[in-house]
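Peer 1: Structure in structure tokens, see below.
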Amino acid sequence: MSENANAVVNPRVVVSRRAICGEGPYWDTVSDTVVWVDIVGKQVLRTTIGAETTVVDYPEMVGAAAPRENGGLVLAVESGFAVLDADGAVTHRFDILSDIVRMNDAKVDPAGRYWAGSCAMDFAAGKGGLWRLDEDLHAELILPGLTQPNGIGWSPDGTTMYLAETQDRVILRFDFDPSSSTITSEPTVFAKDFPGYPDGLCVDADGHLWLAEFGTGTVYELDTEGAVLHTIRIPTAQPTSCAFVGPDLRTLWVTSAADGQDDDPHAGSVFEIADHGATGLPVALFRG
């Protein structure tokens, strides 16, 4: 991938925490909070901007969480999927994965359906897949044979889906029908040759991808052709995901992982980038 000059921005810590593997920030338009997870810590977190973070413990690893239209959350968890009501009680649980596989990152598509990537615990090649949980809570494996499907996003018109394949160090692009939530093409490579591991991502109102790269302390802004527009350095080595948050979607939050970073006081915290010049694309809530 081609590089450009580093963008002059000043990321700052907004949530100081030692999350083992913080992931998946998600702006909840109903409660005006940011929902995120600590995968290995088995926690779902909810942060009010400028205020406290509340924590809900879960009995297994939580790859991602997303708000529901009617309150509560949908989770991509170690065994499959779970649905929580507004009080945090589990109302539905779908144990659909084997013991050697877990759910990883996930996101709601423009029609309100939940997409999640599964991967082997040791990231063995071809053991993962891409799943969809519909509004009637039917779960279906859509794409088998993946390795570590990770960050997911859609273009502003919903006709393109992006998926990070972390171990292969590429971002894939698919044609997508936003009304039926259907992938309508074989994948093509959108961006490749990353020096680190492409992890979580989000899309802004111009259709640009914002990508957290695990291992290099980097967030990239990519244009609609996959070229790097800006490279932003984060003061920790393991950024994991990013999302536009706040009522105006003008603030970028970046999660990170503290695992193996004992000498880094900021590892596992959430960082804020406020001077990037972009406006986020609203992300749907789960309809189920």
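Peer 1: Please report, in debye to the nearest 20, how large the charge dipole of segment 22-76 is about its Cα centre when each Lys and Arg carries +1 at its beta carbon and each Asp and Glu carries -1 there.
Peer 2: Numbers: 3 positive and 8 negative charges, 11 e Å.
With only Lys, Arg, Asp and Glu charged at Cβ, the dipole is about 60 debye.
Peer 1: At a 10 angstrom cut-off on C-beta neighbours, averaged per residue, how do the peptides 149-159, 119-129 rank from highest to lowest?
Peer 2: Listed from highest to lowest mean packing, they are 149-159, 119-129.
Peer 1: With only Lys, Arg, Asp and Glu charged, each at its Cβ (+1 for the first two, -1 for the last two), find how big the charge dipole of the chain is about the Cα centre; round to the nearest 20 debye. Can you show the working numbers first?
Peer 2: Working: 18 positive and 42 negative charges, 41 e Å.
I would put it at about 200 debye.
Peer 1: Quote the Stokes-Einstein diffusion coefficient, in whole µm² s⁻¹, for segment 64-146, based on the Kirkwood radius over alpha carbon pairs, a temperature of 4 °C and a viscosity of 1.567 mPa s.
Peer 2: 102 µm²/s
Peer 1: Pairwise over distinct Cα atoms, reciprocal of the mean inverse distance: report the Kirkwood radius of segment 213-277 in Å, one decimal place.
Peer 2: Values: mean 1/r = 0.0804 Å⁻¹.
One decimal place: 12.4 Å for the Kirkwood radius.
Peer 1: How many percent of Cα pairs in segment 136-288 exceed 28 Å? Numbers along the way, then the final one.
Peer 2: Values: 2258 of 11628 pairs.
Everything past 28 Å amounts to 19 percent.
Peer 1: So what does the Cα-only Debye profile of the chain read at q = 0.11, 0.13 Å⁻¹, as log10 I(q)/I(0), no solvent term?
Peer 2: Those come out to -0.54, -0.79, one per q.
Peer 1: Can you pull the percent of segment 210-277's accessible area that's carbon plus sulfur, 1.4 Å probe, other chains left in place?
Peer 2: Numbers: 1050 of 2290 Å².
Percent of accessible area from carbon and sulfur atoms in segment 210-277: 46.
Peer 1: Over the Cα atoms of segment 1-148, Rg to Rh with Kirkwood Rh, two decimal places?
Peer 2: Numbers: Rg = 16.1 Å, Rh = 16.2 Å.
Rg/Rh: 1.00.
Peer 1: If you don't mind, another one. Give me the accessible area per residue for the chain, probe 1.4 Å, as a whole number in Å².
Peer 2: Numbers: 11180 Å² over 288 residues.
Each residue of the chain exposes 39 Å² on average to a 1.4 Å probe.
Peer 1: Magnitude of the Cβ-charge dipole of segment 44-113, K/R +1 and D/E -1, about the Cα centre, nearest 20 debye? Let's see the in-between values first.
Peer 2: Working: 6 positive and 11 negative charges, 42 e Å.
Value, rounded to 20: 200 debye.
The values are calculated or read from the model by the stated rules, or taken from the named source; none is laboratory data. Quick caveat: nothing in here was measured; it's all calculated off a predicted structure. No Cβ is skipped: glycine too gets one built from the backbone with ideal geometry, and neighbour counts run over all protein chains shown. Please note that ligands, DNA and RNA were not included when accessible areas were found on the heavy atoms of the full protein model with its side chains. Shrake-Rupley method; radii C 1.70, N 1.55, O 1.52, S 1.80 Å.
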